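Below is one structure, written out as structure tokens; the observations come after it.
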Amino acid sequence: MTKQQSYNIRNIALDLLMRISDQGGYSHLVIDQMLKKHQLEPRDGGLLTEIVYGTLQRKLTLEYDLNTFIKSNKKIDTWVKWLLYLSFYQMKYLDKVPDHAVIHESVEIAKRKGHKGIANFVNGILRSAQRDGFPDYQLINDPVKRVSIETSHPLWLVKRWNQQYGIETTEQMCQTNITHKQVSIRVQPLRITRRQLLSRLEDSHIGTRLSSFSEQGLVIEEGNILKDETFQEALFTIQDESSMLVAELMDLKEGMTVLDACSAPGGKATHIAEKMNDSGTVLAYDLHAKKAELVNKKAKELGLTSIQAAQSDARKLQEKHVNHTFDRILIDAPCSGLGVLRSKPDIKYNKTSEDIRKLATIQKEILHHVEPLLKNEGKLMYSTCTVDQEENEEVIKDFLAKHPAYRVDTAFFAELPEVLQDSSGRSEWGIQIFPQDINSDGFFMTRLVRDS
């Protein structure tokens with residue numbers, strides 16, 4: 001990599017961090033756009049992604065570090081802070097990037113974006129960090145504050161999880177949230193068997209192992225699956241293992257009529273169709289028309305014909321369907337997303353306890369308005385990609401108290417994968433999967449039965 005390339009990558013990284021943090025851009029979308037715009041080589045693109053995601057993941061930690069090197073009343077421009085954060089990240093966490101290179105490139109960026117005074121300030125801070133090292137977080141006496149700083153999670157969130165799950169589970173969750181997440185895929189079984197795909201991937205030198213969560217699942221341990229020809233052939237879908245478990249536990253049979261009330265982008269709807277051998281009917285809805293169209297597009301790519309996707313607010317589906325229409329209903333409810341912080345680190349800085357309260361209200365409304373559409377003896381699956389009790393167990397408790405025809409399906413627990421049978425996240429209301437349980441996204445799910 002030339003010096004100019006190195007400078008460009010760090011300069012692009014700074015621009016990305018500014019857009020994501022200050023202009024509200026979604027990290028994964030903004031990074032994808034920038035990679036396409038600059039057409040970087042894979043190695044350069046990998047470094048850019050690492051710097052941006054890593055700096056975002058550890059923002060509060062890096063902010064704490066910076067405050068130990070500056071006077072409390074010192075005013076610093078936002079872009080200078082982000083330049084120092086991304087520089088600290090490289091110095092602390094990227095072994096293959098020498099400190100002198102980080103310092104040199106950062107000072108050059110400071111010169112070009114600012115002036116000599118700013119460049120001297122940046123140089124002084126980075127030299128001090130190189131000479132003195134970074135703070136020892138074990139010296140923070142309050143365990144909740146220490147976890148917050150060490151793992152870069154907002155203090156209010158760590159306090160909240162500590163109250164719900166205790167400090168040990170909270171710390172494990174927060175530590176897992178700042179690690180890289182494995183990629184997993186779901187085989188399209190109507191096109192290829194899991195063993196056949198496994199063999200093809202091995203021939204392409206992509207290391208995989210079988211998922212214990214789904215008979216269609218494979219976990220990628222080595223190689224870039226998105227560059228393999230099997231991806232272009234639409235022989236599989238990228239899907240987290242926890243997410244795969246939702247359709248696996250819906251007790252699906254061929255020929256059923258299934259409602260996916262909050263469907264986009266369609267990973268679960270297509271899995272449902274595959275589980276039923278593309279027989280029966282899967283009616284998929286999303287609040288936004290463009291997102292509903294993504295579901296149709298995904299179904300077409302996978303060659304699935306049983307899915308019909310359209311726009312609708314889940315709370316108005318009684319206007320479209322008569323009561324007791326569906327054998328199965330999936331409510332993969334809109335949620336805070338606090339279970340997917342490894343993929344979308346900006347979420348933890350943007351959500352508030354008030355957001356969670358509002359989302360829980362919406363979740364309850366969706367359940368209330370959708371439940372009449374289920375047949376007697378039908379089964380309703382409720383899931384979220386969050387780890388907050390207010391959006392999960394508390395929503396189910398509230399629903400069951402107000403709808404006596406429903407109960408938690410006890411058979412659901414017997415069908416859980418063995419690794420989750422004795423999980424600390426298991427309760428009478430469902431199963432909370434934590435990120436640390438199987439190195440997957442955090443997910444809650446439960447299955448309800450409507451008695452006749």
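Within the range 106-155, which residues are under 30 Å from N8 (Cβ atoms) and under 31 Å from the mean Cα position of the chain (by Cα)? Correct list: S106, F134, S152. The set of residues in the range 271-303 being under 25 Å from F213 (Cα atoms) and open to solvent by less than 10 Å² (accessible area, probe 1.4 Å) consists of H271, I272, A273, E274, M276, V282, A284, V295, A299, L302.
Looking at the range 221-244 only, could you name the residues that are more than 14 Å from I192 (Cβ to Cβ) and not hydrophobic (A, V, I, L, M, F, W, C)? Even if it seems obvious, please write down each step before you answer.
Step one: filter the range 221-244 for residues more than 14 Å from I192 (Cβ to Cβ), giving 221-227, 238-244.
Scanning the range 221-244 gives E221, E222, G223, N224, K227, Q239, D240, E241, S242, S243.
Is one or more of the residues making up the range 389-402 open to solvent by 30 Å² or more (accessible area, probe 1.4 Å), farther than 13 Å from L448 by Cβ, modelled with pLDDT of 95 or more and polar (S, T, N, Q)? The answer is yes, given that some residue of the range 389-402 is open to solvent by 30 Å² or more (accessible area, probe 1.4 Å), farther than 13 Å from L448 by Cβ, modelled with pLDDT of 95 or more and polar (S, T, N, Q).
The strands (runs of 3 or more DSSP E) falling completely within the range 232-311 that include 1 or more residues that are within 20 Å of V187 (Cα to Cα) map to 236-238, 281-286, 307-311.
Only one residue in I31, I51 is in a helix (DSSP H, G or I), closer than 23 Å to T151 by Cβ and at pLDDT below 90. Which one? Can you show your working first?
On the way: I51 fails: at pLDDT below 90.
None of the others qualify; the one that does is I31.
For the range 164-198: of the residues being of a type in the set (D, E, K, R) and without any contact (Cβ under 8 Å) to a residue 12 or more places away in the chain, which is least open to solvent (accessible area, probe 1.4 Å)? So the residue we want is E168.
Can you tell me which residues in the range 315-336 are assigned to a helix (DSSP H, G or I) and either open to solvent by 30 Å² or more (accessible area, probe 1.4 Å) or closer than 18 Å to R447 by Cβ (or both)? Listed by number, the residues that qualify are R315, K316, Q318, E319. Consider the range 79-124 and keep the residues that are in a helix (DSSP H, G or I) and open to solvent by 70 Å² or more (accessible area, probe 1.4 Å). The one that is nearest to V52 (Cα to Cα) is K81.
The values are calculated or read from the model by the stated rules, or taken from the named source; none is laboratory data. It should be emphasised that the depicted structure is a prediction, and the values quoted were computed from it without experimental measurement. Every residue, glycine among them, receives a Cβ derived from its backbone with ideal geometry; neighbour counts consider all protein chains shown. For the accessible areas, the whole protein counts, side chains as well, though only heavy atoms, and no ligand, DNA or RNA atoms are used. Shrake-Rupley method; radii C 1.70, N 1.55, O 1.52, S 1.80 Å.
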